[in-house]
1. Applying the selection to the stretch 49-83, what residues are among the polar types (S, T, N, Q) and at pLDDT below 90?
2. Report whether or not T145 is in contact with a Phe, Trp or Tyr (Cβ under 9 Å, 6 or more places away or on another chain), outside the structural domain of F73 (by TED's automatic domain parsing), of a type in the set (S, T, N, Q) and in contact (Cβ under 8 Å) with a residue 12 or more places away in the chain.
3. Pairs, please: C-beta under 6 Å, at least 6 apart or cross-chain, first residue under 18 Å from E127 (Cα atoms) and in the stretch 168-181, second part of a loop (DSSP other than H, G, I, E, B)?
4. Are any residues in the stretch 82-97 surrounded by 11 or more Cβ atoms within 10 Å (Cβ to Cβ) and part of a loop (DSSP other than H, G, I, E, B), and if so, which ones?
5. Looking at this structure, is K110 under 21 Å from N18 (Cα atoms) and in a helix (DSSP H, G or I)?
6. Does at least one position in the stretch 96-109 carry a residue that is at positive phi and not acidic (D, E)?
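The values are calculated or read from the model by the stated rules, or taken from the named source; none is laboratory data. Just so we're clear, the structure is a prediction, and the values are computed from it rather than from any experiment. Ideal geometry is used to build each Cβ from the backbone, glycine not excepted, and the neighbour counts take in all protein chains shown.
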Amino acid sequence: MEYNTTRNKLLLPEYGRNVQNMIAHAMELADRDERNKAAKAIIEVMGQLNPHLRDEEDYRHKLWAHLFIMSEFTLDVDSPYEIPTEESFTSKPDHMEYPKGKIRIGHFGKYTQEILNSAKDIKDEKELEYMTYAMGNFMKKQYLTHNNTAVENALIAKQLNRLSEGALNMENPDEDLTSTNQLLKILGLNNTNNNNNNKNKNSRKKQGRNYNQNQKRKFKR
């Protein structure tokens with residue numbers, strides 16, 4: 001008997017051994033026209049074996065690429081697409097440097113910090129005033145995303161001034177910043193707080209009923 005351990009390795013197992021044998025046979029054909037006909041016939045078989053590829057964009061290009069992979073890039077035929085090379089599949093991508101910039105306050109993120117750093121270059125007073133209120137409310141939203149229980153407006157104003165290196169100053173944060181309840185509603189976090197409050201109220205009511213029932217039992221005795 002012939003065992004799989006004695007056969008050649010399947011380069012793309014999803015197509016099966018018969019397709020790989022067909023490709024090996026096509027590689028042995030001396031006539032180029034015959035090889036081209038065989039390659040096109042094999043492409044049709046590969047498409048029928050993997051119909052899900054038809055849903056992908058330019059799926060025939062992928063089938064031709066798989067054909068050359070299974071021939072170990074030695075099949076000499078006329079392809080309607082650029083013939084891939086082994087190096088294009090085996091070469092490693094260039095190393096990407098990991099960003100080393102330090103984020104001073106994590107929950108505000110890198111881009112918030114960069115925007116606030118650019119505030120020191122703004123000379124127009126109206127633009128500075130607009131940026132102060134816009135970035136202050138944006139930072140408050142970011143803060144509430146990480147901690148939706150409470151936030152001090154004075155803290156937001158202080159961190160706004162710190163990250164902008166003194167360029168943005170908010171003198172009346174309680175008046176200038178949008179209310180916490182309104183921001184929670186915008187962020188869709190208000191329902192969570194309401195549900196928790198309702199659960200707490202129901203728990204207290206239940207405890208009260210149990211206490212009253214216990215008192216009645218003691219009175220009857």
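1. Just the residues of the stretch 49-83 that are among the polar types (S, T, N, Q), to begin with: 50, 71, 74, 79.
N50, the sole residue that qualifies.
2. Working: in contact with a Phe, Trp or Tyr (Cβ under 9 Å, 6 or more places away or on another chain): no; outside the structural domain of F73 (by TED's automatic domain parsing): yes; of a type in the set (S, T, N, Q): yes; in contact (Cβ under 8 Å) with a residue 12 or more places away in the chain: yes.
In short, no.
3. What qualifies is D176/M170.
4. Scanning the stretch 82-97 gives I83, P84, T85.
5. Values: under 21 Å from N18 (Cα atoms): no; in a helix (DSSP H, G or I): yes.
Considered against the rule, which asks whether it is under 21 Å from N18 (Cα atoms) and in a helix (DSSP H, G or I), K110 comes out as no.
6. Let us first name the residues in the stretch 96-109 that are at positive phi, namely 109.
Pick out the ones that are also not acidic (D, E) and you get 109.
Looking for residues that are at positive phi and not acidic (D, E), one finds at least one in the stretch 96-109, hence yes.
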